[in-house]
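The values are calculated or read from the model by the stated rules, or taken from the named source; none is laboratory data. These figures come from a predicted structure and were not determined experimentally. Positions of Cβ are generated from backbone atoms using ideal geometry, with glycine treated the same way; all protein chains shown enter the neighbour counts. Please note that ligands, DNA and RNA were not included when accessible areas were found on the heavy atoms of the full protein model with its side chains. Shrake-Rupley method; radii C 1.70, N 1.55, O 1.52, S 1.80 Å.
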Amino acid sequence: MQVGIDMGTVSGGAPAKLDIEELLATRLLVQGNSGSGKSHLLRRLLEQSAPWVQQVIIDPEGDFVTLADKYGHVVVDGERTEAELVGIANRIRQHRVSCVLTLEGLDLEEQMRAAAAFLNGMFDADREHWYPVLVVVDEAQMFAPSVAGDVSEDARKMSLGAMTNLMCRGRKRGLAGVIATQRLAKLAKNVAAEASNFLMGRTFLDIDMARAADLLGMDRRQAEMFRDLKRGNFVALGPALSRRPLPIVIGSVETSARSSSPKLMPLPDAPQDVEDLIFTPDPEEFTRPMTRRAPPAPRPTTDILAELSRSVPAASPAAQEQSQRPAQPELSPEAREERLNAVLSEIIDDPQAAYRTDAVLYQDFLVRLRMRRLPGPPMAMREFRRRVAISRAGVDKETAETPGWQTALELSVRVSDDLQGVFLLLARAALLAEPCPSDMRIAKAYGTHSARRARRLLGYFEEQGLVVVHSDFSGKRIVAFPDLDVQTSPGAPDAQDEEPVERQHAAE
Ligand SMILES: Nc1ncnc2c1ncn2[C@@H]1O[C@H](COP(=O)(O)OP(=O)(O)OP(=O)(O)O)[C@@H](O)[C@H]1O
Ligand SMILES: [Mg+2]
């Protein structure tokens with residue numbers, strides 16, 4: 001089957017076609033300096049080909065998660081163990097589901113390890129699951145750097161190995177690499193060399209231009225044309241695109257990137273009382289600790305000599321200062337728990353919280369704890385997630401104390417952290433014999449707007465043997481929990497009612 005994806009236009013206005021089947025066999029390299037429009041191009045390619053081929057996107061910036069709502073990609077947060085990522089990658093191939101692996105928020109080394117684990121998981125899938133899948137890697141130079149950088153040798157080898165597998169040995173296994181890079185000279189040569197299709201965008205540096213010319217088999221003067229390309233303009237070459245270098249303009253996209261170029265914004269009119277505004281302190285200002293920036297004054301040599309001649313080392317000046325400071329008041333565990341819960345509910349009660357990732361909420365949580373000067377070790381991310389899940393389920397104190405709820409909590413550990421909130425939301429509805437939450441409500445508990453994804457979650461719980469989903473005669477949905485021996489009352493899956501769910505703090 002030949003499917004021509006419409007990438008945009010060639011000069012004269014004819015459509016610029018990309019043969020997707022040919023692409024699966026011959027891979028694609030996109031190159032262009034920052035802002036040349038690579039990510040936009042990848043998005044156009046992904047949107048246009050979504051109905052035709054399974055897609056996996058390795059997304060360092062979390063830009064492509066917006067594909068989920070319109071095209072149903074599953075968003076996989078890279079903040080997981082390598083074993084988990086390998087398992088997910090395997091199941092992604094088995095079930096032929098498109099997905100975005102978002103690595104936003106991880107440091108470079110963690111990003112490399114996560115991408116490598118995921119790519120290896122896909123590469124090592126069972127032969128029976130070797131269906132074609134487009135594997136798009138944005139910022140490929142991060143994962144296949146041409147020279148060793150600041151990261152550990154181990155991480156670099158792992159990531160480079162996975163990228164080499166993808167580009168050199170992936171074809172037989174159905175993996176078609178589509179990689180984009182800002183700087184060809186920074187991308188490992190063997191990884192770049194395996195692509196037979198190229199889309200070259202604006203390129204400033206001679207060294208990149210020279211590499212591009214070599215790859216494309218052009219002479220260097222001809223490659224000069226890459227220097228003046230405008231944003232969104234690329235030169236296409238390769239069996240899936242064009243037999244000769246063909247300038248094309250990438251068309252528009254349907255979903256938006258989460259980050260966009262900075263725009264100049266007019267400054268607001270200066271208010272009359274600028275000085276008042278700037279010099280009036282806010283009341284909390286004086287309670288914040290001062291940060292001292294001046295270097296400490298040099299100590300007189302006599303002091304140092306005196307200190308050295310003492311037999312027992314005296315406490316350092318910092319320790320002395322510490323001992324003079326009033327000690328942090330001790331908090332009883334109950335009082336501490338209460339304060340933690342108060343901060344937690346401030347965060348959860350923000351209506352936007354449902355659509356923020358747990359990692360973002362956790363950062364916010366830590367900052368607030370520091371601001372309140374809550375002593376003791378901070379709560380671990382895992383525990384935080386669990387509490388968020390419980391409070392998102394909106395269970396009241398009375399229900400929280402029932403044995404049924406305790407069993408639900410135990411069962412919820414069997415699903416991954418990000419699904420616990422949804423699971424508990426359903427369990428609560430069942431324990432209280434309330435109507436089954438609508439798709440929208442379930443989606444919200446998962447932090448998405450996608451009803452389709454909500455339904456998939458139910459399917460997943462069912463696969464795990466945790467619930468049985470059935471419907472009444474009018475088509476309303478009922479979710480039963482065999483282990484709890486309860487079920488929700490019937491609820492319309494497509495109900496739009498976004499009744500605010502009361503969030504009281506669960507006494508765990
Ligand atoms: N063909 C196009 N039509 C309209 N807007 C475009 C087009 N290409 C790019 N843009 C816009 O230009 C900006 C930069 O594009 P993009 O993010 O794709 O660049 P990039 O090459 O990926 O840059 P970086 O390497 O820094 O990630 C974005 O705001 C994008 O929406
Ligand atoms: Mg980009």
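Applying the selection to segment 181-220, what residues are under 27 Å from Ala162 (Cβ atoms) and free of Cβ contacts under 8 Å to residues at least 12 places away in the same chain? Hit for segment 181-220 is Asp214, nothing else. Could you grab me the full set of residues in segment 65-76 that are open to solvent by 20 Å² or more (accessible area, probe 1.4 Å), within 11 Å of Val100 (Cβ to Cβ) and either away from ligand 2 (no atom under 16 Å from the Cβ) or outside the structural domain of His95 (by TED's automatic domain parsing) (or both)? The answer is Tyr71, Val74, Val75.
Every residue, every condition in (1) touching a helix residue (DSSP H, G or I) at 6+ places or on another chain (Cβ under 6 Å); (2) under 18 Å from Pro333 (Cα atoms), yes or no:
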position	(1), (2)
Ile348	yes, no
Ala354	yes, no
Thr357	no, no
Val360	no, no
Phe365	yes, no
Met371	no, no
Pro375	no, yes
Met381	yes, no
Ala389	yes, no
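Taken together, the residues in segment 40-64 that are open to solvent by 20 Å² or more (accessible area, probe 1.4 Å) and more than 9 Å from ligand 1 (Cβ to nearest atom) amount to 4. Among helices (runs of 4 or more DSSP H) entirely within segment 154-225, having at least 1 residues that are closer than 17 Å to Ser36 by Cα and open to solvent by 30 Å² or more (accessible area, probe 1.4 Å) singles out 206-216. Being within 16 Å of ligand 2 (Cβ to nearest atom), open to solvent by 10 Å² or more (accessible area, probe 1.4 Å) and assigned by TED's automatic domain parsing to the domain that holds Ile57 is a property that Glu79 lacks. The residue pairs whose first member lies in segment 24-38 and is of a type in the set (A, V, I, L, M, F, W, C), whose second member is modelled with pLDDT of 95 or more and near ligand 1 (Cβ under 6 Å from one of its atoms), and whose beta carbons are closer than 6 Å, counting only pairs six or more residues apart or on different chains, are Val30/Lys38. The condition of being more than 10 Å from ligand 2 (Cβ to nearest atom), touching a residue at least 40 places away in the same chain (Cβ under 8 Å) and of a type outside the set (Val, Ile, Thr) holds for Glu47. So in segment 143-153, with the set limited to residues that are outside any loop (DSSP other than H, G, I, E, B) and at pLDDT below 95, which one is most open to solvent (accessible area, probe 1.4 Å)? The selected residue is Glu153. Is it the case that some residue within segment 67-77 is touching an Asp or Glu at 6+ places or on another chain (Cβ under 8 Å) and within 15 Å of ligand 1 (Cβ to nearest atom)? Yes, segment 67-77 has at least one match. Per the listing Ala212, Ala140, the residue uniquely closer than 23 Å to Ala117 by Cβ and touching a helix residue (DSSP H, G or I) at 6+ places or on another chain (Cβ under 8 Å) is Ala140. Scanning segment 442-455 for residues that are without any contact (Cβ under 8 Å) to a residue 60 or more places away in the chain and open to solvent by 20 Å² or more (accessible area, probe 1.4 Å) gives Tyr446, Ala451, Arg455. For segment 232-257, a residue qualifies if it is modelled with pLDDT of 95 or more, out of contact with any Lys or Arg (no Cβ under 7 Å at 6 or more places or on another chain) and within 16 Å of ligand 2 (Cβ to nearest atom), and the qualifying residues are Gly232, Asn233, Phe234. Tell me, please, whether a residue that is outside the structural domain of Asp77 (by TED's automatic domain parsing) and part of a helix (DSSP H, G or I) can be found in segment 463-484. Within segment 463-484, one or more residues are outside the structural domain of Asp77 (by TED's automatic domain parsing) and part of a helix (DSSP H, G or I).
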